[in-house]
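A.B. asks: What follows is a single structure, and I will ask about it in a moment.
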Amino acid sequence: MVSDNRYKGTTTVGLVCGNGVVLASEKRATMGTFIASRDAKKIYQVDDRIGMTTAGAVGDAQVLARIITIEAKLYKIRRGEPMAVGAVSTLLSNILSTQRYFPYMTQLIIGGVDTKGSRLFSLDPLGGQIEETKVVATGSGSPIAYGILEDRYKDNMSLDEGVNLAIRALHAAIKRDAASGDGIEVVTITPDKYRVLGEEELSKRASPLT
């Protein structure tokens with residue numbers, strides 16, 4: 001049996017909106033030209049108001065998701081308050097950096113809301129950390145997704161507009177990137193809640209590229 005650590009192929013996106021953050025991904029995982037899964041999980045809830053998207057090796061992504069979720073819970077127990085989005089991102093950056101000679105083969109997006117507002121960070125396999133103020137995309141379909149995101153993004157767009165834009169970007173990537181496909185998942189994070197959009201709601205959203 002081939003380890004799921006080899007499952008790869010992804011498009012994930014993150015957007016900063018006026019009243020929150022949008023994280024989205026498609027659901028296909030591949031091993032070369034073989035579609036290994038049509039329902040791969042690529043968005044993880046790290047804390048009450050923080051989420052993480054993953055692109056790359058599934059096994060590595062799952063390990064990192066478990067580590068950072070536990071660390072966020074321990075921090076809350078010890079300090080009596082949640083970790084800031086930037087603190088979660090910095091901790092993950094340090095973890096990735098310590099493994100630079102045997103790196104986790106992942107690209108991560110950390111997004112959420114804290115006392116500083118809506119925050120979005122991107123992390124590379126060696127621990128490089130960048131705070132994104134507008135949009136970010138990772139994975140094999142990201143060059144295609146960026147074409148839509150950068151063309152249609154506007155400052156202080158509403159969460160609803162952000163969701164529609166994320167969906168359009170993913171549909172564009174799915175059309176041209178063979179490693180992306182099989183449905184999408186979208187999460188919105190506001191000061192009030194972390195919400196996973198249901199299939200029925202997603203199906204009613206604006207049609208691709210309109």
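Each reported figure results from applying straightforward, stated rules to the coordinates on display, with no laboratory input. Quantities reported herein were computed from a predicted structural model and do not represent experimental measurements. We place every Cβ from the backbone using ideal geometry, glycine too, and count neighbours over all the protein chains shown.
A.B. asks: Residues with beta-carbon under 9 Å from that of Ile35, excluding Ile35: net charge, scoring Lys, Arg +1 and Asp, Glu -1?
C.D. replies: Once positives and negatives cancel, what remains is +1.
A.B. asks: Give the aspartates and glutamates whose C-alpha is closer than 14 Å to that of Lys41, dropping any in the same chain fewer than 8 places away, or say none.
C.D. replies: Asp4, Glu26, Asp60, Asp182, Glu185
A.B. asks: Given the peptides 151-164, 67-80, arrange them by the average over their residues of other C-beta atoms within 10 Å, most packed first. Present the calculation step by step, with values, prior to reporting the outcome.
C.D. replies: Numbers: 151-164: 16.1, 67-80: 13.6.
Highest-to-lowest ranking by the protection proxy: 151-164, 67-80.
A.B. asks: Dipole of region 29-79, Cα-centred, from +1 at each Lys and Arg C-beta and -1 at each Asp and Glu C-beta, to the nearest 20 debye?
C.D. replies: Here the size comes out at about 220 debye.
A.B. asks: Of Lys42/Lys134; Lys73/Lys204; Lys116/Lys175; Lys27/Lys193; Lys76/Lys204, which pairs sit farther than 28 Å apart, going by alpha carbon to alpha carbon?
C.D. replies: From Lys42/Lys134; Lys73/Lys204; Lys116/Lys175; Lys27/Lys193; Lys76/Lys204, over 28 Å: Lys73/Lys204; Lys116/Lys175; Lys76/Lys204.
A.B. asks: Next question. If you add up the charges near Gly111, with Lys and Arg at +1 and Asp and Glu at -1, over every other residue whose beta carbon is less than 15 angstrom from its beta carbon, what do you get?
C.D. replies: +1
A.B. asks: Can you pull the one-decimal nm distance between simple spin-label points at Val63 and Lys193, each 7 Å off the Cα toward Cβ?
C.D. replies: Here the modelled spin labels are 3.6 nm apart.
A.B. asks: Can you tell me the alpha carbon radius of gyration of region 127-210 divided by the globular rule-of-thumb value 2.2 N^0.38 Å?
C.D. replies: Region 127-210 yields a ratio of 1.11.
A.B. asks: What's the magnitude of the charge dipole for the chain around its Cα centre, counting Lys and Arg as +1 and Asp and Glu as -1 at the beta-carbon? Answer in Debye, nearest 20.
C.D. replies: Values: 26 positive and 24 negative charges, 55 e Å.
Approximately 260 debye in magnitude.
A.B. asks: Can you sort Ile110, Ile95 from fewest to most other Cβ atoms within 10 Å of each residue's own Cβ?
C.D. replies: Ile95, Ile110
A.B. asks: Here's another thing I want to ask about it. Please report the Cα spread of the chain along all three principal axes, rounded to whole Å, starting with the longest.
C.D. replies: So the extents along the principal axes, rounded to whole Å, are 47, 45, 28.
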